[in-house]
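In what follows, a single structure is set out as structure tokens and then discussed.
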Amino acid sequence: MERNIVEDILKLKKEKNAIILAHYYQPGEVQDLADFVGDSYYLSEIAKDCKEDVVVLCGVKFMAESAKILSPKKTVLMSCENAGCPMADMANEEELVKLKEKYPNAYVVCYINSTAKVKAHCDVSVTSSSALNILKNIPNKEVLFLPDKNLGQYIAEAFPKKEFILWDGYCKYHNKIEKSAILDLKDKYKDAQILVHPECVKEVRELGDYVGSTSGIIDFATKSSAKDFIIATEEGVLHQLKKKNPNKNFHIPGGRICCEDMKKTTLEGLYDTLLNMKNEMILDEDIREKAFISLENMHKLAK
Ligand code: 13P
Ligand code: SF4
């Protein structure tokens with residue numbers, strides 16, 4: 001009899017009392033078998049509140065770290081080895097500590113796309129879907145934001161009375177989406193709406209009919225009466241966009257935007273991870289406790 005890998009994974013999942021969480025940038029077949037699919041904020045909430053003993057995070061390292069920070073008693077497994085976020089690795093604690101000394105009055109805000117070591121030095125974490133709500137609840141005039149300068153600039157534009165000190169980081173995929181590629185598509189599909197992730201550069205964000213997180217982009221397109229959409233984010237979102245909107249058309253500027261690390265998860269790898277309880281996320285308890293404060297504040301201040 002031919003092997004059905006999806007059934008094998010689901011069987012193992014039951015045996016191990018595990019839950020599978022997947023980000024919208026994951027391969028379609030991984031999204032389809034996950035218990036929950038979502039943006040970074042949603043996945044962090046599920047990881048915090050779920051009752052299962054084992055959390056398998058299909059995404060990149062900072063997502064598994066966040067799950068472990070929030071749920072230290074659970075076994076958190078990364079769906080595959082070595083799936084990192086190059087942007088998260090652009091910030092480091094040594095430079096952050098120096099910057100904090102230079103700006104002692106600044107509230108320190110990190111994008112959730114940062115390492116646990118960096119989070120341990122921050123007052124609050126934000127995601128693209130929660131950042132604006134969280135910033136409303138921060139009284140300080142000075143805000144030190146890291147690592148994404150594009151998301152930081154987007155937030156700074158919404159709070160002109162605050163002073164932002166921005167780290168020089170970026171997502172190598174979103175940062176290279178070009179205005180001209182979007183305008184080329186707009187020329188072809190004149191009624192298309194342009195939906196942009198805030199990790200994109202300013203001149204791309206300015207073209208957006210909507211700017212927001214992966215879940216925001218999916219919701220906006222689903223509610224819209226337009227037929228064509230230009231999607232300025234990683235192409236993994238197309239899976240849910242097409243499932244939810246079979247009669248609409250989605251166009252990626254330049255043809256492809258593919259995060260290599262997000263595509264490292266395979267069904268075979270996921271099966272192996274669960275079978276052998278591999279790729280467990282282990283954190284130093286001192287770092288975890290400190291990083292917990294920034295994620296706990298994220299959930300409190302986002303409300
Ligand atoms: P969101 O899903 O929170 O919009 O994040 C996008 C991202 O870059 C994750 O790596
Ligand atoms: Fe990091 Fe960009 Fe990949 Fe998201 S898409 S995981 S920000 S490199």
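The values are calculated or read from the model by the stated rules, or taken from the named source; none is laboratory data. Predicted model only: the values in this text are computed from it and were never measured. Every residue, glycine as well, gets a Cβ built from its backbone with ideal geometry; the counts of neighbours run over all protein chains shown. Calculation scope for accessible area: heavy atoms of the full protein, side chains included, ligands and nucleic acids excluded. Shrake-Rupley method; radii C 1.70, N 1.55, O 1.52, S 1.80 Å.
Those residues that are more than 13 Å from ligand 1 (Cβ to nearest atom) and buried (at least 18 other Cβ atoms within 10 Å of the Cβ), I need them from the range 94-112; list them, please.
Initially, the range 94-112 is screened for residues more than 13 Å from ligand 1 (Cβ to nearest atom), giving 94-110.
Across the range 94-112, the qualifying residues are LEU96, ALA106, TYR107, VAL108, VAL109, CYS110.
Scanning the range 232-263 for residues that are on the phi < 0 side of the Ramachandran plot, within 16 Å of ligand 2 (Cβ to nearest atom), in a loop (DSSP other than H, G, I, E, B) and open to solvent by 30 Å² or more (accessible area, probe 1.4 Å) returns ARG256, CYS258, GLU260. Return the residues of the range 88-134 that are away from ligand 2 (no atom under 14 Å from the Cβ) and of a type in the set (Asp, Glu); say none if nothing qualifies. Result: GLU93, GLU94, GLU95, GLU101, ASP123.
Conditions tested, residue by residue: (1) in contact with a strand residue (DSSP E or B) (Cβ under 8 Å, 6 or more places away or on another chain); (2) farther than 18 Å from ALA34 by Cα; (3) among the acidic types (Asp, Glu).
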{"residue": "LEU57", "(1), (2), (3)": "yes, no, no"}
{"residue": "ALA64", "(1), (2), (3)": "yes, no, no"}
{"residue": "PRO72", "(1), (2), (3)": "no, yes, no"}
{"residue": "THR75", "(1), (2), (3)": "yes, no, no"}
{"residue": "SER79", "(1), (2), (3)": "yes, no, no"}
{"residue": "PRO86", "(1), (2), (3)": "no, yes, no"}
{"residue": "GLU93", "(1), (2), (3)": "no, yes, yes"}
{"residue": "LEU96", "(1), (2), (3)": "yes, yes, no"}
{"residue": "LEU99", "(1), (2), (3)": "yes, yes, no"}
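Cβ-Cβ distances below 6 Å connect no pair with a first residue in the range 197-221 that is in a helix (DSSP H, G or I), a second residue that is modelled with pLDDT under 95 and more than 10 Å from ligand 1 (Cβ to nearest atom), and a separation of six or more residues or different chains. Could we say that LYS68 is farther than 20 Å from MET262 by Cα, of a type outside the set (Phe, Trp, Tyr) and more than 16 Å from ligand 1 (Cβ to nearest atom) here? Against the criterion (farther than 20 Å from MET262 by Cα, of a type outside the set (Phe, Trp, Tyr) and more than 16 Å from ligand 1 (Cβ to nearest atom)), LYS68 does not qualify.
Residues that are in contact with a helix residue (DSSP H, G or I) (Cβ under 6 Å, 6 or more places away or on another chain) and polar (S, T, N, Q) within the range 27-58 comprise GLN31, SER44, listed in sequence order.
Going through THR127, THR115 one at a time, which residue ends up being within 16 Å of the chain's Cα centre (by Cα) and open to solvent by 30 Å² or more (accessible area, probe 1.4 Å)? The unique qualifying residue is THR115. In the range 164-179, the qualifying residues are those that are free of Cβ contacts under 8 Å to residues at least 40 places away in the same chain and open to solvent by 60 Å² or more (accessible area, probe 1.4 Å), and the one that is farthest from GLY255 (Cα to Cα) is LEU166. Is it the case that the range 169-186 has a residue that's of a type outside the set (Phe, Trp, Tyr) and within 20 Å of LYS300 (Cβ to Cβ)? Checked against the condition, which is being of a type outside the set (Phe, Trp, Tyr) and within 20 Å of LYS300 (Cβ to Cβ), the range 169-186 yields no hits at all. Where strands (runs of 3 or more DSSP E) fall entirely within the range 39-149, those with at least 2 residues that are modelled with pLDDT of 95 or more and either β-branched (Val, Ile, Thr) or touching a Lys or Arg at 6+ places or on another chain (Cβ under 6 Å) (or both) are at 54-58, 75-78, 107-111, 124-126. Inclusion of ALA91 among residues that are within 16 Å of ligand 1 (Cβ to nearest atom), open to solvent by less than 20 Å² (accessible area, probe 1.4 Å) and in contact (Cβ under 8 Å) with a residue 24 or more places away in the chain is warranted. Taking the numbered list (1) in contact (Cβ under 8 Å) with a residue 60 or more places away in the chain; (2) farther than 16 Å from GLU296 by Cα; (3) open to solvent by 60 Å² or more (accessible area, probe 1.4 Å) in turn, LYS136 passes all entries but (1).
Applying the criterion of being buried (at least 16 other Cβ atoms within 10 Å of the Cβ) and more than 16 Å from ligand 1 (Cβ to nearest atom) to the residues of the range 190-219, the residue that is nearest to LYS149 (Cα to Cα) is LEU207. Taken over the range 222-231, the criterion of being without any contact (Cβ under 8 Å) to a residue 40 or more places away in the chain, away from ligand 2 (no atom under 16 Å from the Cβ) and either of a type outside the set (S, T, N, Q) or touching a Pro at 6+ places or on another chain (Cβ under 9 Å) (or both) is satisfied by LYS223, ALA226, LYS227, ASP228, PHE229.
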